[in-house]
Amino acid sequence: MIIFSSRSVLLSVYYPQIFLILTSGSYLALSSVVALGANIICNKIPGLAPRQRAICQSRPDAIIVVGEGAQLGINECQYQFRYGRWNCSALGERTVFGQELRVGSREAAFTYAITAAGVAHAITAACSQGNLSQCGCDREKQGYYNQEEGWKWGGCSADIKYGIEFSRRFVDAREIKKTQRRLMNLHNNEAGRKVLEERMKLECKCHGVSGSCTTKTCWTTLPKFREIGYVLKDKYNEAVHVEVMRAGRLRQPTHLKVKQVQGYHKPMETDLVYIERSPNYCEEDAATGSVGTQGRLCNRTSQHTDGCDLMCCGRGYNTHQYTKVWQCNCKFQWCCFVKCNTCSERTEVFTCK
Ligand SMILES: *[C@@H]1O[C@H](CO)[C@@H](O)[C@H](O)[C@H]1NC(C)=O
Ligand SMILES: *[C@@H]1O[C@H](CO)[C@@H](O)[C@H](O)[C@H]1NC(C)=O
Ligand SMILES: *[C@@H]1O[C@H](CO)[C@@H](O)[C@H](O)[C@H]1NC(C)=O
(Lines give C-alpha, C1' and ligand atoms only; values in the text may rest on other atoms or scores of the structure.)
(Ligands and ions follow the chains in the order given, each with its own letter.)
Protein backbone atom coordinates (compact mmCIF):
# COMPACT_ATOMS: atom_id res chain seq x y z
CA MET A 1 0.00 0.00 0.00
CA ILE A 2 1.40 3.30 -1.07
CA ILE A 3 0.00 6.32 0.62
CA PHE A 4 1.02 8.81 -2.01
CA SER A 5 -0.18 6.78 -4.95
CA SER A 6 -2.17 9.32 -6.88
CA ARG A 7 -3.61 12.74 -6.51
CA SER A 8 -7.02 11.36 -5.67
CA VAL A 9 -5.80 9.02 -2.96
CA LEU A 10 -3.48 11.62 -1.54
CA LEU A 11 -6.07 14.33 -1.53
CA SER A 12 -8.96 12.21 -0.41
CA VAL A 13 -6.95 11.03 2.56
CA TYR A 14 -5.66 14.42 3.59
CA TYR A 15 -8.20 16.86 2.34
CA PRO A 16 -11.63 15.45 1.55
CA GLN A 17 -13.14 18.84 0.57
CA ILE A 18 -10.52 19.38 -2.12
CA PHE A 19 -11.09 15.91 -3.43
CA LEU A 20 -14.73 16.77 -4.07
CA ILE A 21 -13.79 19.89 -6.02
CA LEU A 22 -11.15 18.02 -7.97
CA THR A 23 -13.13 15.09 -9.15
CA SER A 24 -15.55 17.44 -10.85
CA GLY A 25 -13.01 20.12 -11.76
CA SER A 26 -10.18 20.50 -14.22
CA TYR A 27 -6.42 20.22 -13.87
CA LEU A 28 -6.17 23.97 -13.64
CA ALA A 29 -8.50 23.92 -10.66
CA LEU A 30 -6.29 21.22 -9.22
CA SER A 31 -3.11 23.25 -9.22
CA SER A 32 -4.70 26.38 -7.83
CA VAL A 33 -6.59 24.51 -5.16
CA VAL A 34 -3.51 22.54 -4.26
CA ALA A 35 -1.58 25.79 -3.98
CA LEU A 36 -4.12 27.04 -1.46
CA GLY A 37 -3.83 23.92 0.58
CA ALA A 38 -0.14 23.20 0.03
CA ASN A 39 0.84 23.99 3.57
CA ILE A 40 -1.74 21.72 5.04
CA ILE A 41 -1.13 18.89 2.61
CA CYS A 42 2.66 19.00 2.68
CA ASN A 43 2.68 18.91 6.46
CA LYS A 44 0.56 15.81 6.51
CA ILE A 45 2.35 13.62 3.99
CA PRO A 46 4.17 11.05 6.11
CA GLY A 47 7.88 10.36 5.81
CA LEU A 48 9.00 13.53 4.04
CA ALA A 49 12.43 14.89 4.92
CA PRO A 50 12.52 18.61 5.80
CA ARG A 51 13.96 19.60 2.45
CA GLN A 52 11.33 17.53 0.65
CA ARG A 53 8.63 19.28 2.64
CA ALA A 54 10.03 22.63 1.55
CA ILE A 55 9.97 21.58 -2.11
CA CYS A 56 6.43 20.31 -1.62
CA GLN A 57 5.34 23.70 -0.32
CA SER A 58 6.97 25.69 -3.09
CA ARG A 59 5.99 23.32 -5.92
CA PRO A 60 2.72 21.61 -5.03
CA ASP A 61 1.96 20.85 -8.69
CA ALA A 62 5.28 19.05 -9.08
CA ILE A 63 4.78 17.10 -5.89
CA ILE A 64 1.75 15.37 -7.32
CA VAL A 65 3.81 14.32 -10.32
CA VAL A 66 6.55 13.09 -7.94
CA GLY A 67 3.96 10.84 -6.32
CA GLU A 68 2.91 9.52 -9.71
CA GLY A 69 6.56 8.93 -10.65
CA ALA A 70 7.26 7.00 -7.46
CA GLN A 71 4.18 4.91 -8.18
CA LEU A 72 5.38 4.30 -11.73
CA GLY A 73 8.62 2.93 -10.27
CA ILE A 74 6.86 0.77 -7.71
CA ASN A 75 4.45 -0.69 -10.29
CA GLU A 76 7.38 -1.55 -12.54
CA CYS A 77 9.21 -3.14 -9.62
CA GLN A 78 6.17 -5.32 -8.89
CA TYR A 79 5.98 -6.31 -12.54
CA GLN A 80 9.66 -7.19 -12.81
CA PHE A 81 9.59 -9.26 -9.62
CA ARG A 82 6.16 -10.86 -9.98
CA TYR A 83 7.69 -14.35 -10.10
CA GLY A 84 10.19 -13.80 -7.30
CA ARG A 85 10.08 -14.68 -3.62
CA TRP A 86 10.64 -11.02 -3.02
CA ASN A 87 7.85 -9.32 -4.96
CA CYS A 88 8.73 -5.74 -4.17
CA SER A 89 6.79 -5.55 -0.92
CA ALA A 90 8.34 -4.82 2.43
CA LEU A 91 7.30 -4.52 6.02
CA GLY A 92 8.14 -1.27 7.67
CA GLU A 93 7.70 2.43 7.48
CA ARG A 94 5.52 3.80 4.73
CA THR A 95 6.83 6.73 2.79
CA VAL A 96 6.11 8.52 -0.45
CA PHE A 97 8.26 5.87 -2.06
CA GLY A 98 6.45 2.89 -0.63
CA GLN A 99 7.87 0.81 2.15
CA GLU A 100 11.58 0.80 2.61
CA LEU A 101 13.83 -2.22 2.98
CA ARG A 102 16.00 -2.13 6.06
CA VAL A 103 18.78 -4.31 4.69
CA GLY A 104 21.21 -2.74 2.21
CA SER A 105 20.55 -5.56 -0.23
CA ARG A 106 20.41 -5.73 -4.00
CA GLU A 107 16.60 -5.56 -3.71
CA ALA A 108 16.91 -2.25 -1.89
CA ALA A 109 19.31 -1.14 -4.65
CA PHE A 110 16.68 -1.91 -7.27
CA THR A 111 13.87 -0.05 -5.52
CA TYR A 112 15.98 3.09 -5.10
CA ALA A 113 17.11 3.06 -8.73
CA ILE A 114 13.65 2.49 -10.14
CA THR A 115 11.90 5.12 -8.03
CA ALA A 116 14.56 7.75 -8.78
CA ALA A 117 14.16 6.94 -12.49
CA GLY A 118 10.35 6.95 -12.16
CA VAL A 119 10.33 10.43 -10.66
CA ALA A 120 12.67 11.77 -13.38
CA HIS A 121 10.52 10.12 -16.06
CA ALA A 122 7.20 11.47 -14.71
CA ILE A 123 8.51 15.02 -14.20
CA THR A 124 10.02 15.10 -17.71
CA ALA A 125 6.77 13.80 -19.26
CA ALA A 126 4.70 16.35 -17.35
CA CYS A 127 7.05 19.14 -18.54
CA SER A 128 6.69 18.06 -22.17
CA GLN A 129 2.90 18.09 -21.88
CA GLY A 130 2.88 21.56 -20.42
CA ASN A 131 1.52 20.38 -17.08
CA LEU A 132 4.11 22.07 -14.89
CA SER A 133 4.63 25.79 -14.65
CA GLN A 134 8.42 25.88 -14.40
CA CYS A 135 9.45 23.65 -17.30
CA GLY A 136 8.49 22.70 -20.82
CA CYS A 137 10.29 21.42 -23.89
CA ASP A 138 14.08 21.43 -23.93
CA ARG A 139 14.87 24.99 -24.93
CA GLU A 140 18.57 24.32 -25.42
CA LYS A 141 17.69 22.29 -28.48
CA GLN A 142 14.88 24.29 -30.04
CA GLY A 143 15.81 25.73 -33.42
CA TYR A 144 19.41 24.56 -33.44
CA TYR A 145 20.97 22.88 -36.41
CA ASN A 146 22.92 19.65 -36.07
CA GLN A 147 25.81 20.41 -38.43
CA GLU A 148 27.37 16.94 -38.48
CA GLU A 149 24.24 14.98 -39.28
CA GLY A 150 22.41 17.60 -41.27
CA TRP A 151 19.14 18.00 -39.43
CA LYS A 152 17.44 20.58 -37.29
CA TRP A 153 16.10 20.25 -33.77
CA GLY A 154 12.33 20.72 -33.93
CA GLY A 155 9.13 19.76 -32.20
CA CYS A 156 9.22 19.26 -28.47
CA SER A 157 12.35 17.64 -27.13
CA ALA A 158 11.79 16.10 -23.70
CA ASP A 159 13.77 18.09 -21.14
CA ILE A 160 15.35 15.12 -19.42
CA LYS A 161 17.95 17.31 -17.71
CA TYR A 162 15.19 19.11 -15.84
CA GLY A 163 13.52 15.84 -14.83
CA ILE A 164 16.78 14.38 -13.62
CA GLU A 165 17.73 17.48 -11.68
CA PHE A 166 14.33 17.55 -10.02
CA SER A 167 14.62 13.88 -9.09
CA ARG A 168 18.08 14.56 -7.69
CA ARG A 169 16.86 17.46 -5.57
CA PHE A 170 13.76 15.71 -4.29
CA VAL A 171 14.56 12.01 -4.09
CA ASP A 172 18.12 12.42 -2.82
CA ALA A 173 16.94 14.81 -0.11
CA ARG A 174 15.72 11.90 1.97
CA GLU A 175 19.31 10.78 2.62
CA ILE A 176 20.02 12.85 5.67
CA LYS A 177 22.08 10.68 7.97
CA LYS A 178 25.73 10.27 7.07
CA THR A 179 25.64 6.50 7.03
CA GLN A 180 26.88 3.74 4.76
CA ARG A 181 23.36 3.29 3.44
CA ARG A 182 23.31 6.92 2.35
CA LEU A 183 26.23 6.34 0.00
CA MET A 184 24.67 3.17 -1.32
CA ASN A 185 21.27 4.80 -1.84
CA LEU A 186 22.68 7.87 -3.54
CA HIS A 187 24.71 5.72 -5.92
CA ASN A 188 21.67 3.63 -6.86
CA ASN A 189 19.44 6.70 -7.30
CA GLU A 190 22.01 8.10 -9.70
CA ALA A 191 22.38 4.78 -11.52
CA GLY A 192 18.61 4.66 -12.14
CA ARG A 193 18.60 8.18 -13.53
CA LYS A 194 21.67 7.52 -15.66
CA VAL A 195 20.06 4.44 -17.22
CA LEU A 196 17.03 6.56 -18.07
CA GLU A 197 19.17 9.30 -19.59
CA GLU A 198 21.12 6.82 -21.71
CA ARG A 199 17.90 5.36 -23.12
CA MET A 200 16.45 8.62 -24.40
CA LYS A 201 15.32 8.24 -28.00
CA LEU A 202 15.70 10.44 -31.04
CA GLU A 203 12.68 10.74 -33.31
CA CYS A 204 12.87 12.41 -36.70
CA LYS A 205 10.53 13.54 -39.43
CA CYS A 206 11.31 14.27 -43.06
CA HIS A 207 9.94 17.29 -44.86
CA GLY A 208 9.90 18.01 -48.56
CA VAL A 209 7.94 17.05 -51.65
CA SER A 210 6.50 13.54 -51.47
CA GLY A 211 8.56 12.49 -48.49
CA SER A 212 11.93 13.47 -49.97
CA CYS A 213 14.12 14.33 -47.05
CA THR A 214 15.27 17.78 -48.10
CA THR A 215 14.96 18.91 -44.53
CA LYS A 216 14.73 16.78 -41.45
CA THR A 217 13.72 17.75 -37.94
CA CYS A 218 14.42 15.67 -34.87
CA TRP A 219 13.53 15.72 -31.20
CA THR A 220 14.26 13.60 -28.15
CA THR A 221 11.56 11.50 -26.48
CA LEU A 222 11.35 9.47 -23.30
CA PRO A 223 11.67 5.69 -23.55
CA LYS A 224 8.76 3.54 -22.35
CA PHE A 225 9.26 2.98 -18.65
CA ARG A 226 9.00 -0.79 -19.16
CA GLU A 227 12.30 -0.64 -21.03
CA ILE A 228 13.94 1.00 -18.01
CA GLY A 229 12.46 -1.77 -15.86
CA TYR A 230 14.13 -4.48 -17.94
CA VAL A 231 17.49 -2.72 -18.03
CA LEU A 232 17.48 -2.23 -14.27
CA LYS A 233 16.42 -5.85 -13.75
CA ASP A 234 19.54 -6.94 -15.67
CA LYS A 235 21.60 -4.57 -13.53
CA TYR A 236 20.01 -6.13 -10.45
CA ASN A 237 21.11 -9.58 -11.58
CA GLU A 238 24.65 -8.28 -11.93
CA ALA A 239 24.60 -5.98 -8.93
CA VAL A 240 28.01 -5.25 -7.44
CA HIS A 241 28.89 -5.94 -3.81
CA VAL A 242 30.67 -2.88 -2.46
CA GLU A 243 32.18 -1.76 0.78
CA VAL A 244 32.17 1.70 2.19
CA MET A 245 35.47 3.50 2.67
CA ARG A 246 35.88 6.11 5.37
CA ALA A 247 38.13 9.11 5.44
CA GLY A 248 38.89 12.29 7.30
CA ARG A 249 39.25 13.00 10.96
CA LEU A 250 35.69 11.87 11.67
CA ARG A 251 36.07 8.64 9.70
CA GLN A 252 32.86 9.35 7.86
CA PRO A 253 31.77 7.20 4.94
CA THR A 254 33.05 8.93 1.83
CA HIS A 255 33.15 6.55 -1.11
CA LEU A 256 32.43 3.07 -2.37
CA LYS A 257 34.87 0.37 -3.38
CA VAL A 258 34.14 -2.91 -5.14
CA LYS A 259 34.50 -5.66 -2.56
CA GLN A 260 36.93 -8.53 -2.91
CA VAL A 261 39.05 -7.23 -5.72
CA GLN A 262 42.68 -6.49 -5.39
CA GLY A 263 43.38 -2.80 -5.31
CA TYR A 264 40.85 -0.03 -5.46
CA HIS A 265 38.04 -0.15 -7.98
CA LYS A 266 35.08 2.15 -8.03
CA PRO A 267 31.76 0.65 -9.15
CA MET A 268 30.61 1.92 -12.53
CA GLU A 269 28.12 4.77 -12.65
CA THR A 270 25.27 2.57 -13.89
CA ASP A 271 26.02 -0.42 -11.64
CA LEU A 272 23.52 -1.20 -8.93
CA VAL A 273 25.45 -1.63 -5.70
CA TYR A 274 24.69 -3.31 -2.38
CA ILE A 275 26.49 -3.59 0.95
CA GLU A 276 24.67 -6.51 2.56
CA ARG A 277 23.63 -9.96 1.42
CA SER A 278 19.94 -10.51 0.80
CA PRO A 279 17.80 -12.49 3.22
CA ASN A 280 16.06 -15.45 1.53
CA TYR A 281 12.62 -13.80 1.89
CA CYS A 282 11.06 -17.12 2.90
CA GLU A 283 9.58 -16.11 6.24
CA GLU A 284 8.10 -12.91 7.54
CA ASP A 285 10.78 -11.00 9.40
CA ALA A 286 10.40 -7.45 10.60
CA ALA A 287 14.15 -7.10 11.10
CA THR A 288 14.89 -7.52 7.39
CA GLY A 289 11.57 -6.22 6.05
CA SER A 290 10.75 -9.60 4.49
CA VAL A 291 7.02 -10.32 4.17
CA GLY A 292 7.61 -14.03 3.51
CA THR A 293 5.98 -16.17 0.84
CA GLN A 294 3.08 -17.66 2.76
CA GLY A 295 -0.07 -17.43 0.63
CA ARG A 296 1.81 -16.63 -2.58
CA LEU A 297 0.62 -18.29 -5.78
CA CYS A 298 3.10 -20.77 -7.19
CA ASN A 299 3.41 -22.96 -10.28
CA ARG A 300 3.67 -26.68 -9.63
CA THR A 301 5.50 -27.49 -12.86
CA SER A 302 7.88 -24.57 -13.12
CA GLN A 303 11.58 -25.04 -12.33
CA HIS A 304 12.07 -21.32 -11.87
CA THR A 305 11.57 -19.05 -8.88
CA ASP A 306 7.79 -19.16 -9.36
CA GLY A 307 7.83 -22.96 -8.93
CA CYS A 308 6.24 -24.20 -5.72
CA ASP A 309 9.47 -25.79 -4.44
CA LEU A 310 11.48 -22.61 -4.62
CA MET A 311 8.67 -20.15 -3.90
CA CYS A 312 7.44 -22.01 -0.81
CA CYS A 313 10.96 -22.70 0.49
CA GLY A 314 10.14 -26.39 0.97
CA ARG A 315 7.17 -25.72 3.27
CA GLY A 316 4.76 -27.27 0.77
CA TYR A 317 1.66 -25.80 -0.81
CA ASN A 318 -2.13 -25.87 -0.70
CA THR A 319 -4.19 -26.85 -3.73
CA HIS A 320 -7.39 -24.96 -4.48
CA GLN A 321 -9.76 -26.28 -7.09
CA TYR A 322 -12.35 -24.18 -8.77
CA THR A 323 -14.43 -24.19 -11.94
CA LYS A 324 -13.75 -21.54 -14.49
CA VAL A 325 -16.88 -20.59 -16.52
CA TRP A 326 -16.87 -18.46 -19.65
CA GLN A 327 -18.80 -17.80 -22.86
CA CYS A 328 -17.54 -19.69 -25.87
CA ASN A 329 -18.29 -20.75 -29.47
CA CYS A 330 -20.07 -17.49 -30.08
CA LYS A 331 -21.82 -17.28 -33.44
CA PHE A 332 -23.42 -14.38 -35.18
CA GLN A 333 -27.05 -15.12 -36.02
CA TRP A 334 -28.95 -13.43 -38.87
CA CYS A 335 -30.19 -10.90 -37.85
CA CYS A 336 -28.91 -9.53 -35.38
CA PHE A 337 -27.72 -11.26 -32.28
CA VAL A 338 -24.88 -13.38 -31.03
CA LYS A 339 -25.43 -16.82 -29.60
CA CYS A 340 -22.90 -18.42 -27.29
CA ASN A 341 -22.41 -21.61 -25.34
CA THR A 342 -21.19 -21.76 -21.80
CA CYS A 343 -17.89 -23.55 -21.37
CA SER A 344 -16.33 -24.59 -18.13
CA GLU A 345 -13.12 -26.13 -16.98
CA ARG A 346 -11.84 -27.37 -13.67
CA THR A 347 -8.70 -25.54 -12.67
CA GLU A 348 -6.29 -25.71 -9.81
CA VAL A 349 -4.18 -23.06 -8.22
CA PHE A 350 -1.45 -23.56 -5.67
CA THR A 351 -0.50 -21.34 -2.79
CA CYS A 352 2.43 -21.62 -0.41
CA LYS A 353 1.87 -22.97 3.10
C1 LIG B 1 -1.03 16.29 -18.00
O2 LIG B 1 -2.32 16.76 -17.66
C3 LIG B 1 -3.38 16.08 -18.33
C4 LIG B 1 -4.68 16.79 -17.97
O5 LIG B 1 -4.92 16.81 -16.61
C6 LIG B 1 -3.37 14.61 -17.90
O7 LIG B 1 -4.40 13.91 -18.55
C8 LIG B 1 -2.02 14.02 -18.26
O9 LIG B 1 -1.97 12.68 -17.81
C10 LIG B 1 -0.89 14.82 -17.64
N11 LIG B 1 0.37 14.29 -18.11
C12 LIG B 1 1.39 13.96 -17.32
C13 LIG B 1 2.56 13.37 -17.96
O14 LIG B 1 1.36 14.12 -16.11
C1 LIG C 1 3.61 -9.94 -2.54
O2 LIG C 1 3.59 -10.97 -1.62
C3 LIG C 1 2.90 -10.67 -0.42
C4 LIG C 1 3.12 -11.80 0.59
O5 LIG C 1 2.70 -13.02 0.10
C6 LIG C 1 1.43 -10.41 -0.75
O7 LIG C 1 0.70 -10.11 0.41
C8 LIG C 1 1.35 -9.25 -1.74
O9 LIG C 1 0.01 -9.05 -2.16
C10 LIG C 1 2.23 -9.51 -2.96
N11 LIG C 1 2.28 -8.29 -3.74
C12 LIG C 1 2.09 -8.28 -5.07
C13 LIG C 1 2.19 -6.96 -5.72
O14 LIG C 1 1.88 -9.29 -5.72
C1 LIG D 1 3.76 -23.05 -15.09
O2 LIG D 1 5.05 -23.29 -15.58
C3 LIG D 1 5.08 -23.97 -16.82
C4 LIG D 1 6.54 -24.33 -17.12
O5 LIG D 1 7.38 -23.23 -16.90
C6 LIG D 1 4.41 -23.12 -17.89
O7 LIG D 1 4.42 -23.75 -19.13
C8 LIG D 1 2.97 -22.81 -17.47
O9 LIG D 1 2.36 -21.92 -18.38
C10 LIG D 1 2.94 -22.20 -16.07
N11 LIG D 1 1.56 -22.11 -15.62
C12 LIG D 1 1.01 -20.98 -15.17
C13 LIG D 1 -0.39 -21.07 -14.70
O14 LIG D 1 1.61 -19.93 -15.12
Inset, instruction - Tell me which residues, restricted to the range 256-265, are at pLDDT 90 or above and either of a type in the set (Gly, Ala, Ser) or out of contact with any Leu (no Cβ under 7 Å at 6 or more places or on another chain) (or both). - result: Lys257, Val258, Lys259, His265
Inset, instruction - Among the numbered conditions (1) part of a strand (DSSP E or B); (2) loosely packed, with under 13 Cβ neighbours inside 10 Å; (3) out of contact with any Pro (no Cβ under 8 Å at 6 or more places or on another chain), tell me where Pro253 comes up short. - result: (2)
Legend entry - Any hit, the range 80-88, residues being open to solvent by 10 Å² or more (accessible area, probe 1.4 Å), farther than 19 Å from Ile176 by Cβ and within 16 Å of ligand 1 (Cβ to nearest atom): no
Legend entry - Ile164 under 14 Å from the mean Cα position of the chain (by Cα), free of Cβ contacts under 8 Å to residues at least 60 places away in the same chain and either crowded, with 21+ Cβ neighbours inside 10 Å or more than 26 Å from Leu183 (Cβ to Cβ) (or both): yes
Inset, instruction - Give me a count of the residues in the range 197-213 that are part of a helix (DSSP H, G or I) and under 18 Å from Cys156 (Cβ atoms). - result: 1
Inset, instruction - Would you please name the residue that is farthest from ligand 3 (Cβ to nearest atom), looking only at residues in the range 289-298 that are crowded, with 16+ Cβ neighbours inside 10 Å and polar (S, T, N, Q)? - result: Ser290
Inset, instruction - Could you please let me know if Thr301 is loosely packed, with under 14 Cβ neighbours inside 10 Å and under 34 Å from the mean Cα position of the chain (by Cα)? - result: yes
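Residues are listed down the side, and each one gets a yes or a no for (1) without any contact (Cβ under 8 Å) to a residue 40 or more places away in the chain; (2) open to solvent by 10 Å² or more (accessible area, probe 1.4 Å):
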{"residue": "Pro60", "(1), (2)": "yes, yes"}
{"residue": "Cys77", "(1), (2)": "no, no"}
{"residue": "Val96", "(1), (2)": "no, no"}
{"residue": "Gln99", "(1), (2)": "no, yes"}
{"residue": "Arg102", "(1), (2)": "no, yes"}
{"residue": "Arg106", "(1), (2)": "no, yes"}
{"residue": "Thr115", "(1), (2)": "no, no"}
Inset, instruction - For Val119, work out the one condition from (1) within 30 Å of Gly292 (Cα to Cα); (2) more than 16 Å from ligand 1 (Cβ to nearest atom) it doesn't fulfil. - result: (2)
Inset, instruction - Enumerate the pairs (first residue in the range 254-280 and of a type in the set (Gly, Ala, Ser); second residue anywhere and open to solvent by less than 50 Å² (accessible area, probe 1.4 Å)) with beta-carbon separation below 8 Å, excluding pairs fewer than 6 apart on the same chain, so at least 6 apart or on different chains. - result: Ser278/Trp86; Ser278/Val103; Ser278/Ser105; Ser278/Glu107
Inset, instruction - Return the residue satisfying two criteria in turn: it lies in the range 185-208 and is open to solvent by less than 70 Å² (accessible area, probe 1.4 Å) and in contact with a Pro (Cβ under 9 Å, 6 or more places away or on another chain), and of such residues it is nearest to Lys141 (Cα to Cα). - result: Met200
Legend entry - Every residue from the range 297-353 that is under 18 Å from Glu284 (Cβ atoms) and assigned to a strand (DSSP E or B): Leu297, Cys298, Tyr317, Asn318, Thr351, Cys352
Legend entry - Number of the condition not met by Asp306 [criteria: (1) on the phi < 0 side of the Ramachandran plot; (2) of a type outside the set (Phe, Trp, Tyr); (3) more than 14 Å from ligand 3 (Cβ to nearest atom); (4) surrounded by 15 or more Cβ atoms within 10 Å (Cβ to Cβ)]: (3)
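The values are calculated or read from the model by the stated rules, or taken from the named source; none is laboratory data. Model, not experiment: these values are computed from the prediction. Glycine also receives a Cβ, built like all others from the backbone with ideal geometry; neighbour counts cover every protein chain displayed. Ligands, DNA and RNA are stripped out before the accessible areas are found, and what is left, the full protein with its side chains, is counted by its heavy atoms. Shrake-Rupley method; radii C 1.70, N 1.55, O 1.52, S 1.80 Å.
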